[in-house]
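Shown next, in structure tokens, is the structure this report addresses.
What follows is calculated from the coordinates using simple rules that are stated; it is not laboratory data. Since we're looking at a predicted model, the values are computed, not measured. Here Cβ is always computed from backbone atoms with ideal geometry, including for glycine, and neighbour counts include all displayed protein chains.
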Amino acid sequence: MAERVFLDGAAGLPVRVEVAQRMAELYAEGIANPNGGHVEARRARALLDAARHAVAGSFGADAAQLVFTGTASEALALAFHSEVRPGSLLVTSAGEHRGARTLAARHAAAGGAVRLIPLTDEGYWALSPELFHDIDGATALLSAASGELGAIQSLAPFISSWRAAGGGAIILDGVQRASSGSIRMNIGIDHLVIGSAKLEGPVGVAALVSATDRKLVPLVPGGGQERGRRGGTEAVVLADAFALALRLSQTEEAETAAHAANLGGAFDHALGAPEQHGLRTTGPRDSTARLPGHRSYAADWVLGDDLVAALDHEGIAVSTGSACLSGSREPSEALQACGLSTSAAQGGLRLIFSRTNTPREPVVAAAALARVSQRIRAVGVAQ
């Protein structure tokens, strides 16, 4: 197989070697149901408890505050289901990912009110005093950073204004920022969603961390597992691997961020001005204000899926901006919220450099993007 360059880490990264080895060891050992009363079950319970303590502690919480789930979407839905009442006000941003938007749409369809925080042209929340009017008992559902645009939101101004105005629970999706160490429960949030797959951990495990005064209403009652908050036999090996991946990512965060930023800079240098390739930069114009190594663009002369497919043929794995939108011809709502036209919002492209990318890969990727852009545009002109 020809050399591949993987630049879709914002959607999920391959499991790192140390984590895969740990999982293989545990599977080979044989892990019992942690809810039994025998030695094997107690061993499994000890592993699960240790993972719960480690993950919760990384965000300044006690183990009892954490519920393991199967996905971040499930964790988000659990918090939403527990907090948002029929007919109540939900405040979310115009640039949220599809999982959050789907919850908001269902709430609106059931008669609830939804208030959108508009975005600036760089993808940041455009906060105004009007947003905080009459929010007593309202719920906020927001992401700490945009995986599509790379914008890292400033949480403190929103949280302080929300609390001062008497707002209710804040549900924060921290999946894109879990390794940064900057998000902890004591910043004023009520629920925090975190996942494993973007930390080089396994798919199939995530977590919801909740403030001690918040009561969760289970989506799956089951047999009382997770303190009655999420039924079903716990995935001990996945939880253990999640904890290890999180610890490694947080320990290496500064080094990884610097590496990703350097590769992003090398890509910028190799590509040159995006405009010469018919591309418009989306998200923050200052690359240091983005998620490390994140780059995103839009083009009004091609569908994002077609651009992704062409780059895939060249050996470069990227995405249109959100894995949830792959295969869809719909314009990106986040790009439209930033002021882009419908055609440009259909031509989104996202790539991100990660820990395992090599210094050569930015140059290879930039050359491929330039080549593909020239070829597709030439065909369009000829037609």
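Compared with the direct C-alpha span, the chain from Ala211 to Val363 gains 50.2 nm at full extension, assuming 0.36 nm per residue. Distance between the pseudo-spin-label points of Ala113 and Asn262 (7 Å out from Cα toward the beta carbon): 5.2 nm.
Using 19 Å as the cut-off for backbone N distance, which residues of region 339-383 belong to the label zone defined by a point 7 Å from the Cα of His313 along Cα→Cβ? Hits in region 339-383 for His313 at 19 Å: 347-350, 365-383. On full extension, the segment bounded by Ser88 and Arg247 gains 53.4 nm, given 0.36 nm per residue less the C-alpha separation.
For Glu40 and Arg329, a Förster radius of 41 Å and the Cβ-Cβ distance give a FRET efficiency of 0.20, rounded to the nearest 0.05.
Computed from label points 7 Å out along Cα-Cβ, the spacing between Ala24 and Gln276 is 4.6 nm. Electrostatic bookkeeping for Gln153 treats Lys and Arg as +1 and Asp and Glu as -1; over the other residues with beta carbon under 14 Å from its beta carbon, the sum is -2. Could you pull out which residues in region 149-167 have an amide N less than 12 Å from a spot 7 Å beyond the Cα of Leu127, following the Cα-Cβ vector? Hits in region 149-167 for Leu127 at 12 Å: 153-165. The charge dipole of region 13-171, taken about its Cα centre with unit charges on the Cβ atoms of Lys, Arg (+1), Asp and Glu (-1) only, comes to about 340 debye. Here Cα extents along the principal axes in Å was computed from the coordinates, and among [x] 76, 67, 31; [y] 71, 55, 33; [z] 70, 54, 39 the match is [y]. When restricted to Cα atoms, region 31-251 yields an Rg and a Dmax of 17.5, 59 Å, respectively. As a proxy for reagent exposure, ranking Arg290, Arg247 by other Cβ atoms within 10 Å from fewest up yields Arg247, Arg290. Dipole of the chain computed with +1 at Lys/Arg Cβ and -1 at Asp/Glu Cβ about the Cα centre; of Ala145, Gly112, Leu246, farthest Cα towards the positive end is Gly112. Using C-alpha pairs below 8 Å separated by at least 6 residues, the relative contact order for region 130-176 is 57 percent.
With r as the distance between the Cβ atoms of Gln374 and Val220 and R0 = 56 Å, compute the FRET efficiency 1/(1 + (r/R0)^6) and round to 0.05. The value I calculate is 0.65.
Here the chain is treated with +1 on each Lys and Arg Cβ and -1 on each Asp and Glu Cβ, and its dipole about the Cα centre works out to around 340 debye. Amide H to amide H distances under 5 Å link Ala206 with Thr69, Gly70, Thr71, where only residues 5 or more positions off or on other chains count and H is placed in the peptide plane. Packing, taken as the mean count of other beta carbons within 10 Å per residue, orders the peptides 192-198, 70-76, 265-271 from highest to lowest as 192-198, 70-76, 265-271.
Residue exposure proxy: Trp301, Trp162, Trp125, ordered by other Cβ atoms within 10 angstrom of their Cβ from fewest to most, comes out as Trp301, Trp125, Trp162. Each of Tyr124, Tyr27, Tyr297 has some number of other Cβ atoms within 10 Å of its Cβ, and from fewest to most they run Tyr27, Tyr124, Tyr297.
Note that region 151-165 has calculated 3J(HN,Hα) couplings of 6, 8, 6, 8, 7, 4, x, 5, 4, 5, 5, 4, 5, 5, 8 Hz, one per residue in order, obtained from phi through the Karplus relation 6.51 cos²θ - 1.76 cosθ + 1.60 (θ = phi - 60°); glycine and proline are x.
Ranking request for peptides 42-51, 338-347, 234-243: highest mean number of other beta-carbon atoms within 10 Å first, then the rest in descending order.
234-243, 338-347, 42-51
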